[in-house]
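Peer 1: Structure in C-alpha cells, see below.
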Amino acid sequence: MKIGQAAQLTGLTISNIRFYERKGLLEPERNDQSKYRNYSEQDIRRLKQIILYRKMNMPIEKIASMLDDPAVSEELVRQQLQELLNKQQEIQGSIDLCRKLAADHAYDGENIDFYLNYVKEEEKKGHSFAQLEELVGDFSEYSEFYKVSGDPVFQFLFCKVKNQKLFGWVWFALWIALSVFFIVEFGFGDGHMPLVVKAIVIGAVLVFLWYDFIRYCRKKRKYTVKYRKTTAP
C-alpha cells in the first residue's frame, strides 16, 4: 500500500511517517518499477507500535532499541515508568509550592528565604519517600504482582494509577506481615519440633526469600546503570 493508505490506517500524517523513516524506525520496501514506497502489514504494525511507545513519552532512541531487540523492552518500559514517576513527583512539588504561595498571598518576595527552605525540606521528604516507593515497586515486579493487576477480572480495581500504587503497598505490607506471622506462630508456638530447629528452618527460608529479592534489586540497578552508560551521549 502507498503512504497515504498507511497514514489513514494509523492516524498519522504523511510527514510523521517520513520522519520515522528518516530516524530509521521504519524501512518500507520500494516498488521496482515506480520506486514508490510499498507499506506492508508488518510496516503498519510497526507504526502502531511506534504510536503506542510515543504515547508513553518514549524517546526515539529507546523506541528504536525496543523495535530492534524486543528482549530489552521490559527493562526499557520499567525505566520509562520510573522517569515519568520522577517527573510527576517534580510537577506535584511545583503544584504544591504554587498552592502555598497562593494561600499565603506571598507574591512580594519578602519571605523568599522561608519558601526556599520550605522547598528544601519538601525535597528531602520526597527523596526518602521515593526510595521506599521504588523498593515497593521492585517487590511488585519481583513477586510478579502484575499478573494479578493486569488480569481483566481485576481491571475495576487497578484502572487508576493511585489504586495500583495503593495495592502495591498493601501487597508489600502483606508479605512483611506474613513473615512476622510465621516467625511468631511457628517459631514460638507449641509443637514437637524443638524451638531452635524451628527458628533455624524458618529463618533460613525467610532469609533466602528476602536475599533473593535484594539480589534481584541489585541486578536491576546494575543493568540500569550499565544501560545508561552505554546510551549516554
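Values quoted throughout were computed directly from the atomic coordinates according to the rules given, and no laboratory measurement underlies them. Keep in mind it's a predicted model, so treat the numbers as computed, not measured. Cβ: placed from backbone, ideal geometry, glycine included. Neighbour counts: every protein chain shown.
Peer 1: Rounded to the nearest 0.05, what FRET efficiency is calculated for F19 and Y118 with R0 set to 41 Å and r the Cβ-Cβ distance?
Peer 2: Working: r = 44 Å, r/R0 = 1.06.
That pair, F19 with Y118, gives E of 0.40.
Peer 1: When S65, S40, S73, S15 are ordered from fewest to most other Cβ atoms inside 10 Å of their Cβ, what list results?
Peer 2: S15, S40, S73, S65
Peer 1: Show me the ranking of peptides 77-89, 104-116 by mean Cβ neighbours inside 10 Å, starting with the highest.
Peer 2: Result, highest mean Cβ count within 10 Å first: 77-89, 104-116.
Peer 1: If r is the Cβ-Cβ distance from Y36 to A64 and R0 is 30 Å, what FRET efficiency results, to the nearest 0.05? Numbers along the way, then the final one.
Peer 2: Values: r = 25 Å, r/R0 = 0.82.
Between Y36 and A64 the formula returns 0.75.
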